[in-house]
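The values are calculated or read from the model by the stated rules, or taken from the named source; none is laboratory data. Since this is a predicted model, take the numbers as computed values, not measurements. Methodologically, a virtual Cβ is constructed for each residue, glycine included, from the backbone with ideal geometry; neighbour enumeration extends over all protein chains shown. Accessible surface areas use protein heavy atoms only, side chains included; no ligands, DNA or RNA. Shrake-Rupley method; radii C 1.70, N 1.55, O 1.52, S 1.80 Å.
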Amino acid sequence: MKFPYLKIPREDSRKKWIARPIIPITLFGPKGSVNVDALIDSGADRCLFSAELGREIGLELEKGEKEIFSGIEGGEVEAFLHKIQLQIMGIEKKIEIIAGFTAAPGVFAILGQDGFFDAFRIKFEKDHNIIEITPVREK
């Protein structure tokens, strides 16, 4: 399945918009599901979502294992790990992953290596502003 890069406006309207690999997904939890646009981040170790999304799908966030995520400039974010299901819109396959959920500002929906990149072949074609995603066959 192919998805276009999504163009995002910059805070400074004089600067050009940035095209990012953002795709539509559905998260499934114990008490529901939610549709969201998520950034594919090949530099992220795990998938990370906002606490708000976790609560919306019925997770009791603080009951998850606590993990510290670190990023640019050594900044740290506390998150709680939970097993959830995820489905890319337009692709039939649902996957089960361990994802972090955090109340940290600026985090909404990030798709990282563990779980997500294991289940899909992801081809970034920035020169064509296309992301191609194919489910990996189970062994």
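One chain, two ends: residue 104 and residue 19. Fully extended at 0.36 nm per residue, the span grows by 28.2 nm beyond their Cα-Cα distance. What residues of segment 1-36 lie in the reach of a label at residue 132, counting those whose backbone N is under 12 Å from a point 7 Å from the Cα along Cα→Cβ? So the set is 1-3. Sites listed here are GluC sites (Glu not before Pro) in segment 77-139 whose DSSP assignment is loop and whose Cβ has at most 10 other Cβ atoms within 10 Å: 92, 138.
Note that the chain presents 62 Å² accessible area per residue, ligands and nucleic acids not counted, probe 1.4 Å.
So how many Lys-Lys pairs in segment 1-119 land under 28 Å Cα to Cα, not counting same-chain pairs under 8 apart? Total qualifying Lys-Lys pairs in segment 1-119 comes to 21. Of all DSSP-defined beta bridges confined to the chain, some 85% are antiparallel rather than parallel. Were the residues from residue 37 through residue 91 laid out at 0.36 nm apart, the gain over their Cα-Cα distance would be 18.0 nm. For the chain, the carbon plus sulfur part of the accessible surface works out to 48%, probe radius 1.4 Å.
The trypsin sites (Lys or Arg not before Pro) found in segment 27-61 that occupy coil by DSSP, while having at most 13 further C-beta atoms within 10 Å, are 31. For residue 37, the accessible surface of its heavy atoms amounts to roughly 90 Å² (probe 1.4 Å, protein chains only, rounded to the nearest 10). From the Cα gyration tensor of segment 35-109, with a ≥ b ≥ c the square roots of its eigenvalues, which class applies: rounded if a/c is under 1.5, or else prolate if a/b is larger than b/c, or else oblate? Oblate. Once the Cα-Cα distance is subtracted from the 0.36 nm per residue extended length, the residue 52 to residue 121 segment shows a gain of 22.0 nm. Taken about its Cα centre, the chain carries a charge dipole of about 600 debye when Lys and Arg each add +1 at the Cβ and Asp and Glu each add -1 at the Cβ.
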